[in-house]
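The values are calculated or read from the model by the stated rules, or taken from the named source; none is laboratory data. Predicted model, so just to flag it, every value in this text is computed and none were measured. Methodologically, a virtual Cβ is constructed for each residue, glycine included, from the backbone with ideal geometry; neighbour enumeration extends over all protein chains shown. What goes into the accessible areas is simple: the full protein's heavy atoms, side chains included, and nothing from ligands, DNA or RNA. Shrake-Rupley method; radii C 1.70, N 1.55, O 1.52, S 1.80 Å.
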Amino acid sequence: MFLGALLALSAPAHADEASAARIGVNRMNLAWLPRGDQERILADIAASGATDVRLSLSRPVDKSIEALAIAHRLGLRILLEIQLGNKSYYPQSLRPRTGHGRIWDVYRLSDLDLVRYRRELRQALQRIDALGVRLVAIEPGNEINYAGYNGDLAVYREPGARSPRSIAELRERTRFERGLDNYVKALEISRSELRKTVHSRDAAVISAGLSDMSAAEADRRGMERLDPGEFVALLRQRGIDSLVDAYGIHIYPGRKAAPAIAARVRSILDFCRTAGTGKSCWVTEWGIANKARSCPVDDRSRGEAIQVMRATFGELIEAGRLTAAYYYDWDTEPSYSLWRCGKLSPVGAAAIGPGEGAGAQAR
């Protein structure tokens, strides 16, 4: 029964684009693929009925820009995540912080060379603009409240120790705070360079989507992280509200009962505000896992969870506290992907369909 209700959520919404929330899907790292694969994947996304896609600007940059041009040609609206781990943004003499072989090595935000960043970003945006590509938003950085993507946060040699619950407990607080200062300056550069373009000058600037990882999970992984609400508060103290149009956040609630999922979403998005009181949020990643590998896929197990997520998002959209939600992932992450057995499942279609909440603001 819940599947029928879920499919109803994906019915077309008659909403003006300017007032409707953006409901999209992630397809990251297309730069790693041949052009033919880029064409095929993006064509499948466009044919599925998806209207918005989150893509990445990563190395090799030429290939990233190729993918943007394809997506634009297919009519997809693009949120561009700018990967701050790009080594072109850092002095060649620097080495990334070690992940002790348990996770990738990443650069420290405190080492981000702002001159290099401005130069490289300007060149990329100019090339994107020359192709006539319009971006609806950019998102500099990804999960920078978590050691996996911010080298100013520690990865422990062995997991299991208690990880910090607040900034006061970080191993290298002073360096971490320098990284925050650097990040705010990078946002200022990003906004300035974006405004110099022709086709994307009105695009929104979204702060880095933050990880919703719990303290208990951080303990198990042996990595530092901060709660999204505390992290946003630290950025707000540094003037972020004058530089961004919305805060980015990621939500992976796990396989909980429906009321617990809704409560988790509301708790994570507690710092999201309405116009006049702060900034709303863009959920630039969210997902529900289904580990089934058989074909045809039985995707019903996550149907109710996705229905609850979309309904809760709809409430927050109605309240003016949420502006966009992009599902992670289209086809690369085995447990979370929507594209299964060569097609988009009905549950997958409902996850990224416009839904009732998407058009609510226009009614």
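A few notes on this one:
- Residue list for the range 16-71, filter: open to solvent by 50 Å² or more (accessible area, probe 1.4 Å) and either in contact with a Pro (Cβ under 6 Å, 6 or more places away or on another chain) or of a type in the set (S, T, N, Q) (or both): Thr51
- Matching option when the condition is in contact with a strand residue (DSSP E or B) (Cβ under 6 Å, 6 or more places away or on another chain), over 23 Å from Ala311 (Cα atoms) and of a type outside the set (Ser, Thr, Tyr), among Arg221, Arg225: Arg225
- Matching residues, the range 236-269, being of a type in the set (A, V, I, L, M), in a helix (DSSP H, G or I) and more than 19 Å from the chain's Cα centre (by Cα): Ala258, Ala260, Ile261, Ala262, Ala263
- Some residue of the range 249-264 being closer than 14 Å to Gly141 by Cα and either in contact with a helix residue (DSSP H, G or I) (Cβ under 8 Å, 6 or more places away or on another chain) or not aromatic (Phe, Trp, Tyr) (or both): yes
- Taken over the range 132-161, the residue count meeting the criterion of being part of a loop (DSSP other than H, G, I, E, B), open to solvent by less than 20 Å² (accessible area, probe 1.4 Å) and in contact with a His (Cβ under 6 Å, 6 or more places away or on another chain) is 1.
- Qualifying position, being open to solvent by less than 30 Å² (accessible area, probe 1.4 Å), acidic (Asp, Glu) and closer than 30 Å to Asp129 by Cβ, among Glu224, Glu193: Glu193
- Selected residue (criterion: surrounded by the most Cβ atoms within 10 Å (Cβ to Cβ)) from residues of the range 229-274 that are within 17 Å of Thr312 (Cβ to Cβ) and among the small types (Gly, Ala, Ser): Ala262
- For the range 270-317, residues that are in a helix (DSSP H, G or I), touching a strand residue (DSSP E or B) at 6+ places or on another chain (Cβ under 7 Å) and within 16 Å of Asn26 (Cβ to Cβ) total 2.
- Flag for Leu170 being within 19 Å of the chain's Cα centre (by Cα), in contact (Cβ under 8 Å) with a residue 40 or more places away in the chain and open to solvent by less than 20 Å² (accessible area, probe 1.4 Å): no
- In the range 187-199, the residues that are at negative phi form Cβ pairs under 8 Å with partners that are basic (Lys, Arg), at six or more places apart or across chains, as follows: Ile189/Arg118; Glu193/Arg118; Glu193/Arg122; Leu194/Arg201; Arg195/Arg201; Lys196/Arg122; His199/Arg134.
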